[in-house]
Every structure is written in structure tokens, then in C-alpha cells.
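All of the numbers you see were taken from the coordinates with simple rules; none came from a lab. Because the structure is a prediction, the values reported are computed rather than measured. All Cβ positions, glycine included, derive from the backbone under ideal geometry; neighbour counts span all protein chains shown.
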Amino acid sequence: MAGRQRLTSWGDRARYLFDSTLARSTGALLGWLTVCCLAIVVPVSALLVWTDPDAPRSLSGRLTVVWRTSAETLRLGGVTGAPLRMLLSVLLGAIALLCVSTLVGVITTGLGDRLTELRRGRSTVLERDHAVVLGWSDQVFTVVCELIAARAGRGRGVVAVLADRDTAEMEEALRASLSVTGRARLVCRTGAPTDPRALALVAPTTAGSVLVLPTDDADADLQVLRVLLALRTLVAPHAAPTVVAAVRDARYLPTARLAAGPRGTVLETDLTTARLLVQAARRPGLPAALRDLLDFAGAEFHVRDAADLAGLTFKEVVLRFEESCVVGLLSADGLPLLTPGAETVLGPTDRLVVVAHDDTVPPPVDCRKHVDPAVVTAPGPRPDRPSRMLLLGWNRRAPMVVETLRRSVRPGSVLDVLPGAGAGAGAGCAPTPSVGLPDPGPLDVVWHAGDPVRPEALRALDLFGYDSVIVLGPDAGAGPELPDDRALLTLLVLRSLEEEAGRPLPVLAELCDHRSRALAPLGPAADAVVRGELTGLLMAQISHHPALAAVFEEIFVARGGALALRPAADYVLPGSETSFATVVAAALERGQCAIGYRAHGPDTARRGDGFRLCPRKAERRVWSAEDEVLVLTPTPDGRDVPGGQDSGLPGMRREHEGGGSPTGVPLG
């Protein structure tokens, strides 16, 4: 019957009594332990005595042997005779057992605490010329990966990470995302980077470079300033390592540069990311090219001596390197001159800025014989028309995206904005562009109601009439979901609409977590940019090559995005078979420097995204109308920039230490 209670067995009662007794006190636990030991030792000892043919015949004699065997097993002495002597023997054995157990417990606890302390990362790093990463953010994976890659070929390289997190968690997260190759080694330490005592654990005084990352907290920039000030208490200015820091808000750039010192470089993450988003949206495929240029896996920027080339013109120098692409000059005081005039003469103290696969200096080779002038197309005006773009989602970088678009588009361009649910004042959004946004000028900003994660809201727009679609996710902590969840949902809706219409959409998404890129449902014309990835790559490059700080400032700030993908038909006749030296010569006639190309064709899948950086000048191929050439242009889109810089952007601080390189790079 349902109401009948189940009978309790004796086994259940015994287990319940045992559990209840153990929960009372330590004394009860000792009592049960004694009973269990006696219940096992005494019967076994008796069995040994009764099965021994040499055992005494009398019962008292056998009981005495049983007592002695049990006492020796339990280390209680085994004294025989009067009951008082036996009790005293038991008491003495129990005291000895207690002392030995206490000693073992103390030693075990001490060793355990020491091992725990070591696992927590509280020992001092005894290294020299190592890289130190301070702080923890979404950039740490990119930065540590590049630093390890840069040091893998330099012997025993060490990268030390200090953050206010558990050491085991940091090591597990980094090793799960990175591949530590060669003899490079990763060391994690726990502590607040703002505490000088914790900073001393990673030995910044003997480090080759120190990188300060902004955290994901609301006061991230103030934390960076405190870390830089803490570094000043440990490191003397004349012996300071190369310091590279990043802040999110441009208002903290001047103070961060002061705190970083004369050997410091400060980047701004939010505006750099916003500029990358706009450049990538207007030039599909550019993020992959930037990743190839700024990581240490393939070709990257280098500075080379050019004393043996002094007196030659820039045009002659460009065609003297077989596997390197010369893009500019670096004067003795560290000031760059990128894409100079073809007739610019190299001075005896000038150095070359090149894009190459390594920093070795091959002997000069005359590549002019590979140039075929017959297939070079005549320079002509580039068609330019107003743009029509769509912005889905909103975060703190969205106003910067709108401002960057306003500065770069032609009059008559339109930006439709669908901010989505939850994009309130806390996210920097407003229902009209009059709040939180500058005067749009030539850009007509149109606001729409609806949520980008709902298909009906997107169907109400003319999706396939846009030149580009930018997808933004909310900032971390703006809602209960993960930062990339809404962006991934929006991409999924866009992908379903693509498949429904049978047409590709030019989509560019901003993601927070690098692991989300593998999950993003991207169409054939879509791409994704990981938030802070470009800044992390730049930080790693500058820490490895401090002389390149001014070069990157010139490329990403002063010119407002001088890297561009141009149709190959702008340089050579489509369908013609010619060398890459011909493309380089044709680009030089237009005041540009060719760095590589992106192939479009059946063999593209074999090479991933089709990019080829720094090919051999003698390499010949058939150039199609769909192929693209990656070039460094004198100005954005070939247009003049008022005052030589993108208006509204801070210039680089032109201070020097003993005639060295510039001291600050405000990337943003």
C-alpha cells in the first residue's frame, strides 16, 4: 500500500548510527577508529596464534601471545605481567602514537602549504630579458601567443604573466588556447599589478619589455595608470625596459604617457578597434591581411640598415630586394617617411622600413629585369560614390564607428542604425543622433526601432542594398548573457536570410572572445574582428621592435588607414601573365608600395584566404580581374588629409631620449 512505511533494515540502522556518531566530535571518530582496529587486529592475531604449531598449549599462554602480537601491531609496547603494567604500556604507546601522528601531521601540513603557495605563484621570477605581461583581459591570449612566438626562436625565452587571478586558472586558460613551441616558457604569478611588492615577483627591473593590459573592469584605465606608477617605484628611468600600455579612453592618454616614461608607448584600444572595423567594412578581406602583417607567424614589418644603398633613389631601392617589400625610410632621429617619392635619395644614416618574413639582410639583387612595362595599366581616377551601410547593435565604440565613418565617406552616404534592445544611455546610445554622437556631417544617420536578433526586424530593411553591414555586441557586463551571445545570434539570423535569398551579405562582426570566431556563422562575404586583437598584436610588435612604434603610428593614425586592397586591374592588364615586380613598379608609379596580393580563383581554398605577402619579385602568375593587391597608400583612399593627419586625432609626442626613437604612440 502507498501509505505503508518501508521497514528499516538492521544495515540501514547501523549506517545511520555510524554516521550520527561520526558527526558528533573528533573523540567519537577516534573511538570508532579504535573499535575498528581492535575488531580487525585481535581476531587476526588470535588466528595466527591458534594456527601456530609452536604456540603455548595453555589458554593463558596463548592469550598472552595474542596480546603481545596485537600490541606490537598497534605499536603499544607488548609488556606482560600485572594488569597495571599492561595499562601503563598501552598509555605510553598511545602517547607515542599521538606524538608521532602529530609530527607527521605538522610536516604534511607544512609541505602542503608550501606546495599550495608555490602553485599560487608567489615565488620570484629569476630571469633576464624576459617579457612581462601585467593584467588580464581578452587581449592577454593574443599578446602572450605573439610574445611566445617571437621568443621561440631565440633560445630559452620566458613570458611572465602577473594578474590578480589564481595561477592554476591562468595557466590552464592560456595553455588551452596557446601552443607553446620551441624552448619558450610561460610563467604565471598571482598578485595585484598595482602593488609594487607583487610586481617584484615578475622581476620587471631585469625584463626586456613590460606590457600593461587594460582589464575588463569599469575603472580599467585608472588601473593601468596605477600599474604604470607602481612600475616607476621599482625601475629607474635610465634603466627601464620597453613599456607598452593600452587604455580604452582617449582622455587618459596624456597622463598614461607621463606615467609610462620616456621609453613608454601608449595605445588606445577602443578607437583603434573602431577604426579597424570601419576600414575592414569598407575593404573586405583587410582583417586577414592585418593579422598576417602584425603577427610573428609570417611576414611582418622590420627595420634594416641601408648604409650600402646610400645615394640610390627610392625607386631603385624598391626593386633591389627579391623577397622583401620596401615601404619607406626611417631617419636617424626615428621619424618615418612612408611611401616617399620615387626620386627620394637615401641618406647615409637612413634605414629602410620593409615587410619581410625575417629580419635577415639578404644581398641586394637587381629585379628591374623582371618588370614588364607592356602589361602595366595607365593610372586613372578611382570611382568613388556615396556609401550605404547598416549598423546592428550598440556599445561604447559605436559612436567612434559613426565618427570614423563621417570622416571617411563621401557626401550623401547613409548609415542605418538598428541598436537593438537594451541599448540605453548606459551603452552610450540614444534614440536620436543628437545625444552621444557628433554632427554626422556628410553622413546621414537614420535610426530604426527593433531588435537585430529578430528576423522580422531585419526583413523590414533592404538588407541586400547595403554596401556593408557592421554587427556590434554589447559590452561585457551590459546584460546577463555573454558579450558575444547577441552578436552570434545576429549573425545566425543574417546567415539564415542569406541562405533564404541565395545572395551573400557583406557582413563584418565585432567579437569579444577569440574562441567565438570559430563559432560565428559567417557567410562567404562575411568576416569577424576580435575586439582588442589588433591592439594586442601591435603591443607585441612594439615590445619586440620598439623602433617600429613611429611606423605603426604613421600607418594606423596619421594616415587614417593607409593599408588598402586594390583591384589588380589598377596595376596590370587582367589575363596577363607577369611578375610581382611588375605590380610593384606599377604601384610605385602611383605613389604606393605593394606588399602582397590576394588571389581569387579555384586555388584560393588551398591557400586559405588567398593572401600572399612578400612573394618573390620574379614570381610570375596570371592576374585576373578579381585579384587584389595589398598596398600602402600615401593617404586614405588616395585623398589628401588636412594638415597631414586625420583631423581630431592626437599626434605623436615628439620627445626623444638621447636622439632615440619617439616616446609615445597614441594609436587612437
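Tabulated data
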read-out	value
Förster radius 22 Å - calculated FRET efficiency between residue 232 and residue 333 (Cβ-Cβ, nearest 0.05)	0.25
Rounded FRET efficiency, nearest 0.05, which uses the C-beta distance separating residue 349 from residue 577 and R0 of 56 Å	0.85
Amide hydrogen neighbours beyond the local backbone of residue 265, cut-off 5 Å, H modeled	243, 244, 245
Ranked list, fewest to most other Cβ atoms within 10 Å of each Cβ, for 566, 197	197, 566
Mean separation of Cα contacts under 8 Å, 6 or more apart, over the residue count of the range 131-261: relative contact order %	26
Residue-by-residue Karplus 3J(HN,Hα) for the range 64-70, coefficients 6.51, -1.76, 1.60, Hz, glycine and proline x	5, 5, 4, 4, 5, 5, 5
Simple label model, 7 Å out from Cα along Cβ direction - residue 124 to residue 625, nm	7.0
Antiparallel DSSP beta bridges within the range 131-261, percent to nearest 5	0
FRET efficiency, 1/(1 + (r/R0)^6) with R0 60 Å, evaluated for residue 108 and residue 382 via beta carbons	0.20
3J(HN,Hα) from dihedral phi, the range 446-455, Karplus parametrisation 6.51/-1.76/1.60, rounded to Hz, x for glycine, proline	10, 9, 10, 8, x, 10, x, 7, 9, x
Stretch gain in nm, segment residue 169-residue 374, where the contour uses 0.36 nm per residue and the Cα spacing is subtracted	67.7 nm
Residue order, fewest to most surrounding Cβ atoms within 10 angstrom, among 370, 130, 357	357, 370, 130
